[in-house]
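Data block below; observations after.
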Amino acid sequence: MTSSQAPAEPEFPPFVQRPLKGRVALVAGATRGAGRAIARNLARAGAFVYCTGRSTSAQPSDYGRSETIEGTAQLIEADGGHAQALVCDHLKPEMIHEVVRRIDEQHGRLDVVVNDIGERPTSPGARSSGTRTSTRA
């Protein structure tokens, strides 16, 4: 490809006819990995996707990772979809309430919720319902 050629449009399987067009989705943990892939595919199917997580360009990952929720939203937009990144530490109920308030204010509904929040496997503990619980016997 020369620099004067536009990048090719992404190829979608023929069965994808944007079945989620007009729907609103929230992907908690959309920063990287499965959460990022799920967010991108929901957008490809036509949903407006809210990408939430803690890693942002202003507050990078504690684990030295470069991915951010803004990056996920930018990938979705580059694919031709619609997304918004919202910072949320899902262990803080007030932040969750703010995310839901904003979605309600902007769209008035929420059709799809995906939870892909996880902890680094080598972590000494696991996150559960806002409290740290030891995974060691």
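The values are calculated or read from the model by the stated rules, or taken from the named source; none is laboratory data. No experiment lies behind these values; they were computed from the predicted model shown. Reconstructed Cβ throughout: ideal geometry from the backbone, glycine too, with neighbour counts over all protein chains shown. These accessible areas exclude ligands, DNA and RNA; they are computed on the full protein's heavy atoms, side chains included. Shrake-Rupley method; radii C 1.70, N 1.55, O 1.52, S 1.80 Å.
Looking at the structure I just gave you, is A25 more than 8 Å from the chain's Cα centre (by Cα), at pLDDT 90 or above and open to solvent by less than 20 Å² (accessible area, probe 1.4 Å)?
Yes: the conditions hold for A25.
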Quiz item: Which fully enclosed helices (runs of 4 or more DSSP H) of region 27-123 have 3 or more residues being of a type in the set (A, V, I, L, M, F, W, C) and closer than 22 Å to Q17 by Cα?
Solution: 33-44, 69-78
Quiz item: List, please: which pairs have Cβ atoms under 6 Å, are six or more places apart or on different chains, and start with a residue in region 62-87 that is farther than 17 Å from G33 by Cα and in contact (Cβ under 8 Å) with a residue 12 or more places away in the chain and end with one that is of a type in the set (F, W, Y) and part of a strand (DSSP E or B)?
Solution: H82/F48; Q84/Y50; L86/Y50
Quiz item: Going by the structure shown, is I103 open to solvent by less than 60 Å² (accessible area, probe 1.4 Å), touching a Ser or Thr at 6+ places or on another chain (Cβ under 7 Å), aliphatic (A, V, I, L, M) and in contact (Cβ under 8 Å) with a residue 12 or more places away in the chain?
Solution: no
Quiz item: Do we have any residue at all in region 64-75 that's open to solvent by 20 Å² or more (accessible area, probe 1.4 Å) and touching an Asp or Glu at 6+ places or on another chain (Cβ under 8 Å)?
Solution: no
Practice problem: Please go through region 47-63 and pick out each residue that is out of contact with any strand residue (DSSP E or B) (no Cβ under 6 Å at 6 or more places or on another chain) and surrounded by 18 or more Cβ atoms within 10 Å (Cβ to Cβ). | Solution: G53, R54, S55
